[in-house]
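The values are calculated or read from the model by the stated rules, or taken from the named source; none is laboratory data. Quantities reported herein were computed from a predicted structural model and do not represent experimental measurements. Glycine gets a Cβ as well: all are built from the backbone with ideal geometry, and neighbour counts include every protein chain shown. All accessible areas refer to the heavy atoms of the entire protein, side chains included, with ligands and DNA or RNA removed. Shrake-Rupley method; radii C 1.70, N 1.55, O 1.52, S 1.80 Å.
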Amino acid sequence: MGEEICPGIITTMSCTDNNSKPKSMSRAKGWTAEVENLFRFQEAGYRDEMEYIQVKQGALIDKWPESGFVKKLQRRDNTFYYYSRKRECEERDLYKVKVYAY
């Protein structure tokens with residue numbers, strides 16, 4: 001897909017380019033840890049980790065240490081979503097996950 005430039009963000013752009021818009025979008029074809037985290041960001045109302053960091057102005061993202069999955073996200077209305085250590089994106093939800101390329 002791309003190269004890992006920022007910790008936890010797979011992209012083809014630099015970390016400093018915070019206002020970049022995605023160049024293309026595709027749907028997830030299979031489950032991966034990256035798709036799981038995208039599912040969690042999108043369920044909370046964000047495109048991906050980059051948009052979350054832009055909107056929340058550099059807020060830290062809590063992740064489960066053993067899996068690397070997102071643990072907690074703050075929605076735009078300032079309520080929180082808490083996620084399990086285990087997979088939450090079921091096979092039936094895979095088609096909903098959008099994978100953006102920058």
Scanning for something at pLDDT 95 or above, touching a helix residue (DSSP H, G or I) at 6+ places or on another chain (Cβ under 6 Å) and among the small types (Gly, Ala, Ser), does region 26-34 turn up at least one residue? yes
Of all residues in region 76-100, which are touching a Gly at 6+ places or on another chain (Cβ under 8 Å) and surrounded by 14 or more Cβ atoms within 10 Å (Cβ to Cβ)? Leu94
Mind listing just one residue for me: the one in region 21-35 that is in contact with a strand residue (DSSP E or B) (Cβ under 8 Å, 6 or more places away or on another chain) and either part of a helix (DSSP H, G or I) or of a type in the set (Asp, Glu) (or both) and, of those, most open to solvent (accessible area, probe 1.4 Å)? Glu34
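Any residue at all in region 52-68 that is among the acidic types (Asp, Glu), open to solvent by 50 Å² or more (accessible area, probe 1.4 Å) and out of contact with any Cys (no Cβ under 6 Å at 6 or more places or on another chain)?
yes
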